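Data first, discussion second: the structure below is written as structure tokens.
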Amino acid sequence: MVISIVRFAANGWIEKLYIEPGFFFSFYGFEWVKPLGEWTYLIFIICGISALFVSIGFKYRASIILFFLSFTYIELMDKTTYLNHYYFISILSLLMIFLPAHAYFSFDAYKNEKLRSQQVPKWSIDSIKFLLFIVYFYAGLAKLNSDWLFKAMPLQIWLPSKYAIPLLGDLLQQTWTHYAFAWAGALYDLTIPFLLLIKRTRVFAFVLVVIFHVLTRVLFPIGMFPYIMIVSALIFFDSKIHNTLVATFSKWFRISKSLFDNGAVYTFPSSWIRKASIGFLSVFFFIQLLVPFRYVLYPGELFWTEEGYRFSWRVMLMEKAGYAHFKVVNPENGQRFYVDNMKFLTRFQEKQMSTQPDFILEYAHFLENYYQNEGIQNPAIYVDSYVALNGRQSRPYVNHEIDLTEIRPSLKPRTWILPFDDEIKGF
């Protein structure tokens, strides 16, 4: 994450994504989280420094709390940038607040002999394994749908565009390759957590992890995520492997590993802190197991309405393209005109907004407030929108006869979205 923050800043993405835009899309319930202008750089600096401190175990507890708060704030500033692996980092850092990750080979353990512990409770390591298990297995379940398995969608749209990749370019033009990638991806996600848990298959599984994520990094622009998942998979190996890695680091940085090898077992500062940590983890994982299935509470096609789509480890399952043309009507004189979205949104924001219903509704309310300030009392906002999903023909998306200013953001079913006249079977 230190590398990721530096990379983000070096590419100018802080300016481009969080300072240049005049409007930002918010997550429901977190509308108060906004970029802070030039002060946004400070949030990234805090995030990067706290990530570094977590890495070396310096003031670990304060550092991991600070990292969780700063990184999560960054991700909440604009919903446009949502990615599953950002969500993974947020909940992993929340989990790590309650784990003794600084008990061994850390700056804190070096300075504090009483903290120094060579062994930690097994559940503290198993909790990270369990989180990774959920990420992989739920991603595999999500791929068990008719579009992915029987139409190789959206891979049939994406892979042919990679024709310039050496060695793979011609292969990626073949239809059978698209199906092979789709089925192999589903099989990988469903089985890899089990293969990593079993000692006899662990090395083989790790090789698969490296191949899979290197390949996805070559094919798709998904940033640091492949490297994060490769390194995270090391948690499944036993202590011998980790001691070997630590010994290597010791030689590189000339740190005495033997200083930490006292055989002590980590004990929490008090019994109530231990009980509170276990209690939190129980609630945490109960939520993680249930949240991906909240989509069953909503009618309609999940990929179309996206009600319950986020935070459910549905990774790269759909390709949506479309447009949304907003009409403003003055109720006093009937005057109407269409909005130029580029006046308020970046091209990236407009692309995201045009195919996601909660974006469309939030943007409509922004337009309502904007034109009220321009002198139009209680303007009505309508939208003409069309969306194409996973290679299907474009079709009307939002009921163009509904005044979106009359709809308040909520968790209720979005009855203002037009029905999807097809079916995608599966999870």
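With respect to the chain, whose longest principal axis is taken over its alpha-carbon atoms, helix 202-219 is tilted by about 40°.
Between Gln393 and Thr267, residue separation times 0.36 nm minus the direct Cα-Cα distance comes to 39.3 nm. Only lysines eight or more places from Lys257 in sequence, or on another chain, were considered; those with a Cα closer than 30 Å are Lys59, Lys111, Lys114, Lys122, Lys129, Lys199, Lys240.
Above 32 Å, the calculated P(r) of the chain contains 46 percent of its Cα-Cα pairs. Selection among Ser271, Phe348, Ile402 by position relative to the dipole of segment 244-402 gives Ser271 as farthest towards the positive end (Cβ unit charges, Cα centre). Calculated mean residue ellipticity, 222 nm, the chain: -15000 deg cm²/dmol, from DSSP H runs (n ≥ 4) at -39500 (n - 2.57) each, averaged per residue and rounded to 500.
Looking only at Cα atoms, what is the convex hull volume of segment 257-377 per residue, in Å³?
Numbers: hull volume 33.3 nm³, N = 121.
Spelled out: Cα convex hull of segment 257-377, divided by residues, is 275 Å³.
May I ask you to give the percent of accessible area on the chain that is carbon plus sulfur, with a probe radius of 1.4 Å?
Numbers: 14220 of 22040 Å².
Here it works out to 65 percent.
Return the whole-Å distance between the Cα centroid of segment 193-266 and the Cα centroid of segment 75-135. Comparing the Cα centres of segment 193-266 and segment 75-135, I get a distance of 14 Å.
Only one residue of Ser250, Phe427, Ala388 has its Cα farthest out toward the positive end of the dipole of the chain, where Lys and Arg carry +1 and Asp and Glu -1 on Cβ, and that residue is Ser250. Between the residues Phe293, Leu367, Gly322, the greatest Cα displacement towards the positive end of the dipole of segment 292-427, with unit charges on the Cβ of Lys, Arg, Asp and Glu, is found for Phe293. Solvent exposure of segment 19-136, expressed per residue, is 45 Å² of accessible area, with all protein chains present and a 1.4 angstrom probe. Accessible surface calculations at 1.4 Å, restricted to protein heavy atoms, place segment 189-233 at 52 Å² per residue.
What whole number of Å gives the distance from the Cα centroid of segment 11-28 to the Cα centroid of segment 277-306? Their Cα centres are 28 Å away from one another.
Dipole magnitude for the chain: about 2120 debye, using +1 per Lys or Arg Cβ and -1 per Asp or Glu Cβ, origin at the Cα centre.
The values are calculated or read from the model by the stated rules, or taken from the named source; none is laboratory data. Keep in mind it's a predicted model, so treat the numbers as computed, not measured. Please note: Cβ atoms are built from the backbone with ideal geometry, for glycine as well, and neighbour counts cover all protein chains shown. When the accessible area is computed, the model is the full protein with side chains, heavy atoms only, and any ligands, DNA or RNA have been set aside. Shrake-Rupley method; radii C 1.70, N 1.55, O 1.52, S 1.80 Å.
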